[in-house]
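The values are calculated or read from the model by the stated rules, or taken from the named source; none is laboratory data. Keep in mind the model is a prediction, meaning the values are calculated, not measured. Positions of Cβ are generated from backbone atoms using ideal geometry, with glycine treated the same way; all protein chains shown enter the neighbour counts.
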Amino acid sequence: MTEWDDVRQDFPILKQRVNGERLAYLDNAATTQRPTPVLKDLMNFYQHDNANVHRGVHTLAVRATNEYENARQTVQHFINAADEREIIFTRGATEGLNLVAATYSRQHIHEGDEIVVSIAEHHSNLVPWQQLAIATGACLKYIDLTTTGELDLAAAEKQITDRTKIVAVTHASNVLGTITPLQQLAALAHQHGAVIVADGAQAVPHFAVDVQQLGVDFYAFSGHKMLSGMGIGVLYGRYDLLAAMPPYQFGGEMISSVQRQSTTFAEPPYKFEAGTPNVAGAISLASAIHYLQGLGMAEVERHERELVATALPRLLAEDHVTVYGPHDPAKHTGVIAFNITGLHPHDVATALDMEGVAVRAGHHCAQPLMDYLGVTATARASFYFYNNQQDVDQLIHAIRETKEFFHVGSI
């Protein structure tokens, strides 16, 4: 059994005080903190192995290249991709999703075709498809949600047709904390000859993901939401699809041969990794994965569910607090969006910060979802495995202090 209080000791940043209060860091959906082992591996690379990859034959270059490619294999096994060549390193989930929209879609989307997304998408998995539809004359369609905030499979069956070429959905909502039935949706998309693109930024850090079992064609996620350095992410793509796609960017590293008037390109994944890659980022991502594997993803998921099982009912019981998304903790990730009656979420977040509680406030890069919910913004508390029940207590106490300060509910 994991001793979570011991795990917290790996995160020195959590020991600080904010505005004189113990820090309760509940903004993990935006970015997570880094444990000491990941920071040490990152520093070790810069102190001992720093060199460019693939190009040099000197010792440091060879070591750096080996670490970089070992990181690719680490990611492959972590998400159970069939081939390490299906792992493309990117700057983050956003770049991975844009890569698919700019390459695969350039070949396959035409006027009158359909692109289907859910109303719960982060802008990173909505705006690229919106702009693609505008550019090509394709039709952008939306899957609505159930009354409890979950993706409506019955609506999906109506929206996805034989004209649908791409289905793009989040695996886990960054606002509502709901998990998409991705395997069922992938099967439905494939029945109609469409490919499915998944945004896994809020999923991969929190529970085990098997891309082959899910049946997805493309799957993107970010390292900084799962303990690694910023500026590194992954796009998984089925190799047969990647091999047939044109490059995303042009330059060094992604070529096979260049003549004066023509160029032949490298095979995947290299033809999608133009220029000097974020070697340190890839190494830090591999280190983060090893750290998570040491904890066990099942244990990570279990601990987060225990926190939500405590936090969600307490938030629901608070007067003048509205919680968005499912009220059943079993249907929730560690993300909980809420509002306090009469208060702007930014004021709520500022007040909570005075109590040492770090939460997010705003539209969370999901404005169509905000419109769907009938609000302009929410506050959002998001938990990770290094959080504990004291963080939950501090959140509830801070909300009560905020209501009292602003006289919410007083006559």
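Looking at the structure I just gave you, is Glu306 within 30 Å of Phe45 (Cβ to Cβ), assigned by TED's automatic domain parsing to the domain that holds Arg17 and assigned to a helix (DSSP H, G or I)?
No: the conditions fail for Glu306.
Suppose the filter is in contact with a Pro (Cβ under 9 Å, 6 or more places away or on another chain) and either assigned by TED's automatic domain parsing to the domain that holds Glu95 or not in a helix (DSSP H, G or I) (or both); does Gly229 pass it?
no
Just give me the residues in the range 337-351 being surrounded by fewer than 16 Cβ atoms within 10 Å (Cβ to Cβ), among the polar types (S, T, N, Q) and outside any loop (DSSP other than H, G, I, E, B), in sequence order.
Residue satisfying the conditions is Thr350 alone.
State yes or no: is Gln130 closer than 13 Å to Lys165 by Cβ and in the same structural domain as Ile166 (by TED's automatic domain parsing)?
No; evaluated as a whole, the condition is false for this residue.
Yes or no: the range 244-267 includes at least one residue that is in contact with a Pro (Cβ under 8 Å, 6 or more places away or on another chain), exposed (fewer than 14 other Cβ atoms within 10 Å of the Cβ) and either outside any helix (DSSP H, G or I) or modelled with pLDDT of 95 or more (or both).
no
If the Cβ limit is 8 Å and pairs must be 6+ apart or interchain, which residue in the range 214-225 that is at pLDDT 95 or above pairs with which residue that is of a type in the set (Lys, Arg)?
Asp217/Arg238; Phe218/Arg238
Going by what's in this entry, would Ala317 be described as closer than 25 Å to Val359 by Cβ and crowded, with 23+ Cβ neighbours inside 10 Å?
No, not satisfied.
Which of (1) part of a loop (DSSP other than H, G, I, E, B); (2) closer than 30 Å to Gln389 by Cα; (3) among the hydrophobic types (A, V, I, L, M, F, W, C) is the odd one out, the single condition Ala82 does not satisfy?
It fails just one condition, (2).
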